[in-house]
1. Which one is farthest from V98 (Cα to Cα) among residues in region 148-200 that are among the polar types (S, T, N, Q) and open to solvent by less than 60 Å² (accessible area, probe 1.4 Å)?
2. When the residues of region 7-56 are narrowed to those that are out of contact with any Ser or Thr (no Cβ under 7 Å at 6 or more places or on another chain) and basic (K, R), which ends up most open to solvent (accessible area, probe 1.4 Å)?
3. Go through region 84-139 and give me each residue that's more than 18 Å from L58 (Cβ to Cβ), acidic (D, E) and either outside any loop (DSSP other than H, G, I, E, B) or touching a Phe, Trp or Tyr at 6+ places or on another chain (Cβ under 6 Å) (or both).
4. For region 142-160, indicate whether the set of residues that are part of a loop (DSSP other than H, G, I, E, B), modelled with pLDDT of 90 or more, over 13 Å from the mean Cα position of the chain (by Cα) and charged (D, E, K, R) is non-empty.
5. Could you list, in sequence order, the residues of region 55-77 that are in contact with a strand residue (DSSP E or B) (Cβ under 8 Å, 6 or more places away or on another chain), without any contact (Cβ under 8 Å) to a residue 24 or more places away in the chain and farther than 29 Å from R11 by Cβ?
6. Could you tell me how many of the residues in region 201-212 are open to solvent by less than 80 Å² (accessible area, probe 1.4 Å) and either assigned to a helix (DSSP H, G or I) or farther than 17 Å from A110 by Cα (or both)?
7. Only residues that are surrounded by fewer than 23 Cβ atoms within 10 Å (Cβ to Cβ) and either out of contact with any helix residue (DSSP H, G or I) (no Cβ under 6 Å at 6 or more places or on another chain) or more than 16 Å from T167 (Cα to Cα) (or both): list them for region 81-103, please.
8. Going by the conditions given, is A4 on the phi < 0 side of the Ramachandran plot, more than 13 Å from the chain's Cα centre (by Cα), modelled with pLDDT of 90 or more and buried (at least 16 other Cβ atoms within 10 Å of the Cβ)?
Amino acid sequence: METALHNILERVRAAAADATPLRLCGGGSKDFHGLALEGTPLELRPLRGIISYEPTELVVTARAATPLQELQATLAQAGQALAFEPPHFALGDKQPTVGGMVAAGWSGPARASSGAVRDFVLGVEIINGRGELLRYGGQVMKNVAGYDVSRLMAGSLGTLGVLAEVTLKVLPRPVAERTLVFALDAGESIARLNQWGGQPLPISASFWHDGK
């Protein structure tokens, strides 16, 4: 077992023995989300790096603290991407990570057409509250018999365990994309989208603003 993971396991076990609450610290880009930050910091940034990537199988496995930008750059080299378009919220030295992306469960504008984060989680390795290393799921879509714990981690904000490793399904990047702009009020925009929704159009996202 690698040193970084071993040290984190020992920290969790010690905290469990002392009944000390822990605050999971990754990239910090989503510290503004959820309840106030409390507990003894548990540094997770040493858990980084892409473990395996099989472009032909559309599967990638990365440690939880791997920078999201690093993962997306690797996928882009093979003409692939995270289809749910995760938001970054990068600010200064606070950069999004793979674990934070799953823990927050946030998807981008393509969620309506491609699915949410949880739909692309194939497997996870987590550390539970007792300091035990557990693995759920695998590297294929049909790998779960019974309750799907892997996808339950999406949006859990670290309350169910420390994400150590995540396996994700990826998809090819679109060959081309185009953004169209129309001058419509809110009502007209909704009517137009409803009309388009009944047609076989590859619309991945929509947005309306009042121009202010």
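The values are calculated or read from the model by the stated rules, or taken from the named source; none is laboratory data. If you're wondering where the values come from, they're calculated on a predicted model, not measured in any experiment. Don't worry about glycine lacking a Cβ; one is built from the backbone with ideal geometry, like all the others, and counts go over all protein chains shown. Remember, those area values only see protein heavy atoms, side chains included, never the ligands or the DNA or RNA. Shrake-Rupley method; radii C 1.70, N 1.55, O 1.52, S 1.80 Å.
1. Step one: list which residues in region 148-200 are among the polar types (S, T, N, Q), which gives 150, 156, 159, 167, 179, 189, 194-195, 199.
Then keep just the ones that are open to solvent by less than 60 Å² (accessible area, probe 1.4 Å); that gives 150, 156, 167, 189.
Numbers: S150: 14, S156: 14, T167: 10, S189: 34 Å.
Filtering first and then ranking leaves S189.
2. That would be R45.
3. The answer is E125, and nothing else.
4. Looking through region 142-160, none of the residues is part of a loop (DSSP other than H, G, I, E, B), modelled with pLDDT of 90 or more, over 13 Å from the mean Cα position of the chain (by Cα) and charged (D, E, K, R).
5. Q72
6. Qualifying residue count, region 201-212: 1.
7. E85, P87, H88, F89, A90, L91, G92, D93, K94, Q95
8. Numbers: on the phi < 0 side of the Ramachandran plot: yes; more than 13 Å from the chain's Cα centre (by Cα): yes; modelled with pLDDT of 90 or more: yes; buried (at least 16 other Cβ atoms within 10 Å of the Cβ): yes.
So A4 fits the description; yes.
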